[in-house]
Amino acid sequence: MTTVKVFRSAARHGYAVEVSPYLPNRVACAAAQYYGIAGCGTLLVLDETETGLALVKSWEWSDGLFDVAWSEANEHVLVAGGGDGSLQLWDTTNHSAPLRVAKEHTQEVYSVDWSQTRGENLIVSGSWDQTAKVWDPALSRSLTTLRGHEGVIYSTIWSPHIPGCFASASGDGTLRVWDVKGAACRLAVPAHKAEILSCDWCKYDQNIVATGSVDCTVCVWDLRNVRQPVSQLRGHTYAIRRLKFSPFDKTVLASCSYDFTVRFWDYSRLQPLLDTVEHHSEFVCGLDFNLHILNQVMHPPVVFGTNRPASLMFS
């Protein structure tokens, strides 16, 4: 049986959600007013309780917030990306202002990610200015700026296997793999003939990456042979906003879409669609698997209007 817990935040549209790598019941959500077109943003930290979801802390920002990532080295620290081109470093023990604000991007920051490999503590950001930047964990300065995409960068994700390596997905229809030390793109894959809004690495195989596109498909790629995808997953009826591989199963992933659904797939199966979740009544823009609890998934939708709440659902 599916259990759903909902948190409502008036006049906020959820864009991203991430479960804490330290606390199994804690989750962060990046949100914005009016689809991020105008107005401010809110960063929410929530705890799951027996009866629902409780607000631990929230911070307001002067522009929309589009992505969030927890530190892999400090359970209290997280980074968010904003519509004003900034990255903000927040601490749940600090109740007022961000620890630091870095503003080098010239347009919206749509993606942030904190490295997961041992011996490495870096942040990567992707922006509508078509660049990706790598930062030290204090956001004191960017260490390198990577150029090559010819469209908006929607997604930047560190490899969980290879130090100094991340993937990016762009409105130019390509998936790119970058080497930070060499400050170079090592692989460019013409993955879709439409904008790619999301990508993610398989947690069990360093060669497997998935992409989700405006063309309504999820493609699974083996980076050793990118002439055609390993699998092409069809079922969504509108653009796929975000996807994540399961931390528990090599071939299982989840995707969320502007068609108001979250879908679960096993690309190793002849019939890969495992389940479709239809709890939302508006766009679903973010999702994450709980690393600590088998089969628990978080996904916030985008809900328009000042009198209609955004919801964060656990299922």
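The values are calculated or read from the model by the stated rules, or taken from the named source; none is laboratory data. These numbers come from a predicted model, not from an experiment. Please note: Cβ atoms are built from the backbone with ideal geometry, for glycine as well, and neighbour counts cover all protein chains shown. Heavy atoms of the whole protein, side chains included, go into the accessibility calculation; ligands, DNA and RNA do not. Shrake-Rupley method; radii C 1.70, N 1.55, O 1.52, S 1.80 Å.
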I'd like to verify a number: residues in the range 152-167 that are within 13 Å of LEU122 (Cβ to Cβ), assigned to a strand (DSSP E or B) and open to solvent by 10 Å² or more (accessible area, probe 1.4 Å), how many?
2
Given (1) assigned to a strand (DSSP E or B); (2) at pLDDT 95 or above; (3) open to solvent by 70 Å² or more (accessible area, probe 1.4 Å); (4) of a type outside the set (A, V, I, L, M, F, W, C), identify the lone condition not met by GLY212.
(3)
Of everything in the range 267-315, what is modelled with pLDDT of 90 or more, of a type in the set (A, V, I, L, M, F, W, C) and assigned to a strand (DSSP E or B)? Give them in sequence order.
LEU273, LEU274, PHE289
Selection within the range 132-151 - buried (at least 21 other Cβ atoms within 10 Å of the Cβ) and assigned to a strand (DSSP E or B):
ALA132, LYS133, VAL134, TRP135, LEU146
Going through the range 187-201 in order, the residues found to be without any contact (Cβ under 8 Å) to a residue 40 or more places away in the chain and part of a loop (DSSP other than H, G, I, E, B) are PRO190, ALA191, HIS192, LYS193, ALA194
What is the one condition in (1) of a type outside the set (S, T, N, Q); (2) more than 27 Å from LEU291 (Cα to Cα); (3) part of a loop (DSSP other than H, G, I, E, B) that GLU60 does not satisfy?
(3)
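For the range 185-199, state whether one or more residues are farther than 26 Å from SER231 by Cα and among the small types (Gly, Ala, Ser). It would help to see each step written out before you state the result.
Initially, the range 185-199 is screened for residues farther than 26 Å from SER231 by Cα, giving none.
The answer is no, given that none of the residues of the range 185-199 is farther than 26 Å from SER231 by Cα and among the small types (Gly, Ala, Ser).
Being assigned to a loop (DSSP other than H, G, I, E, B), of a type in the set (D, E, K, R) and surrounded by fewer than 18 Cβ atoms within 10 Å (Cβ to Cβ) is the filter; apply it to the range 216-265 and report the residue that is farthest from the chain's Cα centre (by Cα).
Checking each candidate, the answer is ARG227.
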Quick check on GLY64: is it touching a helix residue (DSSP H, G or I) at 6+ places or on another chain (Cβ under 8 Å), within 21 Å of GLY39 (Cβ to Cβ), open to solvent by 10 Å² or more (accessible area, probe 1.4 Å) and free of Cβ contacts under 8 Å to residues at least 60 places away in the same chain?
no
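Would you point out which residue out of THR106, THR93 is in contact with a His (Cβ under 7 Å, 6 or more places away or on another chain), without any contact (Cβ under 8 Å) to a residue 40 or more places away in the chain and either under 25 Å from ARG241 (Cα atoms) or open to solvent by 10 Å² or more (accessible area, probe 1.4 Å) (or both)?
Details: THR106 fails: in contact with a His (Cβ under 7 Å, 6 or more places away or on another chain).
Exactly one of THR106, THR93 is in contact with a His (Cβ under 7 Å, 6 or more places away or on another chain), without any contact (Cβ under 8 Å) to a residue 40 or more places away in the chain and either under 25 Å from ARG241 (Cα atoms) or open to solvent by 10 Å² or more (accessible area, probe 1.4 Å) (or both), namely THR93.
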For LEU53, indicate whether it is crowded, with 20+ Cβ neighbours inside 10 Å, touching a residue at least 24 places away in the same chain (Cβ under 8 Å) and hydrophobic (A, V, I, L, M, F, W, C).
yes
